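Undergrad: Mind having a look at this structure? Questions to follow.
The values are calculated or read from the model by the stated rules, or taken from the named source; none is laboratory data. As the structure is a computational prediction, the values presented were derived from the model and not from experiment. Cβ: placed from backbone, ideal geometry, glycine included. Neighbour counts: every protein chain shown.
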Amino acid sequence: MPDVSTKSLKREKTVSRTICFLAGIVLTSSALLTALRPSSIGHAALKGVATIPSALLTAPRPSSPPIILITVDTLRADRLGCYGSREVQTPFIDALAREGVRFDRAIAQVPLTWPSHAAILTGTYPFSNGVQDFTGQPLSVSFRTLAESLKEHGYATGAVISSFVLDRSWGLSRGFDFYYDTFSGKAYLQKDLGLVDRKARESVDHALDWLGRVRQQPFFLWLHLFDPHSPYDPPQPFRSRYRARPYDGEVAYVDQQLGRFMAWLKTKGLYQGALIVFMSDHGESLGEHGESEHGFFVYNATVRVPLIIKPPLGTQVAGRQISAPVESISVAPTILDQAGIQDSIQKQFQAPSLLGMMTSAKEAGTRPAYSETFYPFSSFGWSPLRSLETERYHYIEAPEPELYDLHADPLEKQNLAPKQAALVQSLRAQLQGLVSHYQPPPAKEATPGLSKEAIEKLRSLGYVAYSSAAGHALPTSGLSDPKSKLWEYKTILKATDLLRAGHYEAGRALLQKVQEADSKLYLIPFLLGEAAARKGDWAEAATEFQRSLDLNPGFDQAMMGFGRALNFQGKSALAKQWLQQAVSLNPQNFRAWFELARAQSRDDTGAAVASLEKTLSIQPNFAPALRELGLLQLRQEKYAEASRNLEKAVQLGLVDASTYNYLGITYSRTNRLDLAVKSYRRALAANPNLAEAHLNLGFAYQRLNQPAPAKREYEIVCRLDEKLCQLVRGQQE
């Protein structure tokens with residue numbers, strides 16, 4: 001009797017519960033939802049040239065120090081003790097601040113994870129590098145990364161990132177010898193993709209493991225921790241200690257894990273000589289200005305971030321505090337400056353190094369700090385926001401401009417723009433001068449493969465302008481001010497939470513209210529399509545995805561959802577057309593390649609294998625693709641190859657009963673019967689009622705000449721499945 005699998009080895013239909021990610025990022029409530037001197041900015045400042053004090057020119061600079069960049073996602077500066085918090089215990093971060101330089105007014109260039117990190121690691125503004133939101137293309141290869149530069153200058157380079165939103169498919173892995181973006185395979189199927197992450201303890205463990213294996217010196221490590229990002233779920237004892245303030249509990253937990261990390265560095269003699277940069281990509285609004293999380297506005301609740309730089313000990317900067325505004329994109333120039341490295345990337349940098357400011361006895365004059373968010377524009381069709389922050393004022397360019405005196409009004413509650421027209425005009429001119437100076441490189445057409453009619457429709461809605469990198473042409477004319485759309489935004493977030501919790505009708509009713517007010521919101525039918533897909537209503541899902549595409553013909557995630565829905569209705573030919581369109585728009589969208597493979601597997605195994613190999617070339621640790629490839633190889637009777645891919649899928653966390661059953665079949669077909677028995681037993685531990693696994697286990701026992709346990713398994717099969725029982729009887733006859 002041959003081994004059997006569900007539906008006679010036909011590929012199982014794994015209904016993905018992954019929902020709604022825009023070019024890889026989920027649109028959930030967590031992701032849908034990132035003294036003025038009125039003179040010109042100055043040509044030198046625009047070119048990123050800082051005046052270096054003479055004292056610095058003669059100061060000793062360590063040669064090629066170990067470099068550690070720590071980015072804690074979604075961390076507000078005011079939640080750290082060293083920044084004035086009395087409610088959150090952060091002793092280890094506070095200790096780092098005492099030994100380094102603390103920047104009190106560090107400003108993120110965009111309050112969203114992926115574009116903010118792209119800005120940090122390239123030293124370039126989002127409007128220049130083209131990564132302005134989570135709906136665009138990966139980072140262009142024309143932009144060099146900090147890791148590429150350090151690697152070229154002899155550094156071993158490693159990164160441990162803690163969230164799918166920084167997956168290697170976006171381009172930030174370039175230059176890293178080791179880029180750990182592996183997540184549980186089960187998480188990909190059970191969680192929204194934007195919320196696929198890991199806890200700080202596990203990430204610190206992987207960082208320490210890599211450091212322990214590095215034999216090449218010096219090294220550059222980027223450690224990214226995601227814990228303060230919503231949903232807030234700190235482990236014990238922080239959950240109990242901060243029961244009423246779970247966000248603060250996450251911050252305290254991260255501090256504890258960084259304490260463990262720093263202690264390890266000290267025991268290995270690495271701490272004193274290392275350059276350590278600690279910062280966040282953006283903050284969290286926590287209800288300020290009506291925003292719960294981040295990305296929608298550019299107030300200081302989300303763009304002001306902690307920044308602490310500890311140079312190799314021996315430089316006389318310990319405990320220094322700098323109050324002038326600085327930009328996140330100054331971090332990469334500062335790291336190379338401190339390491340004494342001259343590299344071609346320095347021509348790319350768009351902000352000066354902070355080293356002169358750190359070592360000078362007196363703070364130098366500063367230039368304003370820039371921020372932007374295109375999230376309201378790209379996801380909703382409302383106006384983007386741009387801002388400029390000086391030593392005293394914060395100006396926000398919007399259909400209704402805003403101006404805040406940060407000395408008198410640090411919470412930004414009193415808009416002075418109507419009374420300060422001259423000041424607003426001066427700041428607007430400075431902002432426009434900055435953006436014009438750093439125009440993006442010539443952009444290729446952002447929508448390859450689309451018809452002329454579709455491109456024209458996109459242009460009429462503004463999306464092509466955004467996807468091509470908006471550059472200096474701010475598309476605000478005729479667009480709604482996000483402030484006036486806050487109720488719609490919050491209603492969408494609430495509806496998304498309801499849909500995720502399974503309250504489909506309640507969520508749908510809220511979304512319909514929003515669409516009645518704003519009929520062009522392509523996001524509404526997209527969310528409804530994803531919700532229908534989660535409940536397995538593929539016909540409704542296809543209808544909603546098609547509505548989304550009618551409003552935004554270039555939306556590759558709606559194409560992917562539409563193709564998937566068509567495939568589950570058996571319309572694989574049409575599904576393949578839409579999925580191929582999706583991968584032509586974004587060749588790095590490995591999820592689209594994965595769905596294309598599933599459609600192709602119905603009638604073209606070779607093409608499906610090629611698409612899965614493409615998926616894995618982009619993200620080698622995507623466990624669902626490894627499993628699908630293993631199943632196709634099983635169908636092709638390539639048992640050794642199937643075994644290797646299924647083993648890796650299991651190692652990455654796909655430990656469900658069916659995967660263990662298929663893996664057992666590959667072991668059986670390659671005469672590794674002891675391993676087959678173990679795998680079938682694991683399948684049955686996960687699902688004791690999986691009749692196929694009982695049958696296959698009985699067959700393995702029979703081949704091992706163990707008739708008693710074989711008979712026991714066959715009896716269980718007959719209790720569970722009459723059709724399979726007939727196979728047993730036929731075998732026994």
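Undergrad: Name the one entry in PHE103, PHE134, PHE92 that is crowded, with 21+ Cβ neighbours inside 10 Å, modelled with pLDDT of 95 or more and among the aromatic types (Phe, Trp, Tyr).
TA: Checking each option against the conditions leaves just PHE103.
Undergrad: Show me the helices (runs of 4 or more DSSP H) entirely contained within the range 169-278 in which 3 or more residues are more than 17 Å from LEU75 (Cβ to Cβ) and over 25 Å from the mean Cα position of the chain (by Cα).
TA: Qualifying helices (runs of 4 or more DSSP H): 246-267.
Undergrad: Only one of LYS678, LYS648 is in contact with a Gly (Cβ under 9 Å, 6 or more places away or on another chain) and over 24 Å from VAL609 (Cβ atoms); which?
TA: LYS678
Undergrad: Take the range 567-587 and flag every residue that is surrounded by 21 or more Cβ atoms within 10 Å (Cβ to Cβ) and within 29 Å of LEU172 (Cβ to Cβ).
TA: Matches in the range 567-587: TRP578, LEU579, GLN581, ALA582, VAL583, LEU585, ASN586.
Undergrad: Filter the range 205-228 down to residues that are under 16 Å from LEU258 (Cβ atoms) and crowded, with 22+ Cβ neighbours inside 10 Å, then give me how many there are.
TA: 9
Undergrad: What's the number of the only condition in (1) more than 30 Å from LYS347 (Cβ to Cβ); (2) among the charged types (D, E, K, R); (3) modelled with pLDDT under 95 that ARG320 fails to meet?
TA: Status for ARG320: all satisfied but (1).
Undergrad: Can I ask one more? Against the definition (modelled with pLDDT of 95 or more, closer than 30 Å to GLY171 by Cα, under 30 Å from the mean Cα position of the chain (by Cα) and acidic (Asp, Glu)), how does GLU647 come out, yes or no?
TA: It is true that GLU647 is modelled with pLDDT of 95 or more, closer than 30 Å to GLY171 by Cα, under 30 Å from the mean Cα position of the chain (by Cα) and acidic (Asp, Glu).
Undergrad: Then there is this: Pairs under 9 Å by beta carbon, first residue over 18 Å from THR543 (Cα atoms) and modelled with pLDDT of 90 or more in the range 509-524, partner among the small types (Gly, Ala, Ser) and part of a helix (DSSP H, G or I), six or more apart or different chains?
TA: Listed pairs, sorted by first residue: LEU510/ALA495; LYS513/ALA495; VAL514/ALA495.
Undergrad: Let me ask you something else. Identify the single condition in (1) of a type in the set (Ser, Thr, Tyr); (2) closer than 30 Å to GLU397 by Cβ; (3) out of contact with any Ser or Thr (no Cβ under 9 Å at 6 or more places or on another chain) that SER480 does not satisfy, given that it satisfies every other one.
TA: (3)
Conditions (1) modelled with pLDDT under 95; (2) buried (at least 24 other Cβ atoms within 10 Å of the Cβ); (3) touching a Lys or Arg at 6+ places or on another chain (Cβ under 8 Å), marked per residue:
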| site | (1), (2), (3) |
| --- | --- |
| VAL141 | yes, no, yes |
| GLY171 | yes, no, no |
| GLY175 | no, no, yes |
| TYR180 | yes, no, no |
| GLN190 | yes, no, yes |
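Undergrad: Just checking: which of the helices (runs of 4 or more DSSP H) contained wholly in the range 502-613 hold 1 or more residues that are within 30 Å of GLU641 (Cα to Cα)?
TA: On the way: elements: 504-517, 523-534, 538-551, 556-568, 572-585, 590-600.
The qualifying helices (runs of 4 or more DSSP H) are 556-568, 572-585, 590-600.
Undergrad: I would also like to ask the following. Specify the residue that is surrounded by the most Cβ atoms within 10 Å (Cβ to Cβ); the eligible residues are those in the range 107-122 that are touching a Gly at 6+ places or on another chain (Cβ under 8 Å) and part of a loop (DSSP other than H, G, I, E, B).
TA: Taking the candidates together, the pick is PRO111.
Undergrad: Show the residue pairs meeting these rules: Cβ distance below 8 Å; 6+ apart or different chains; first residue within the range 292-307 and over 16 Å from SER379 (Cβ atoms) and at pLDDT 95 or above; second residue part of a helix (DSSP H, G or I) and of a type in the set (S, T, N, Q).
TA: Matching pairs, first to second residue: VAL305/SER328; LEU307/SER328.
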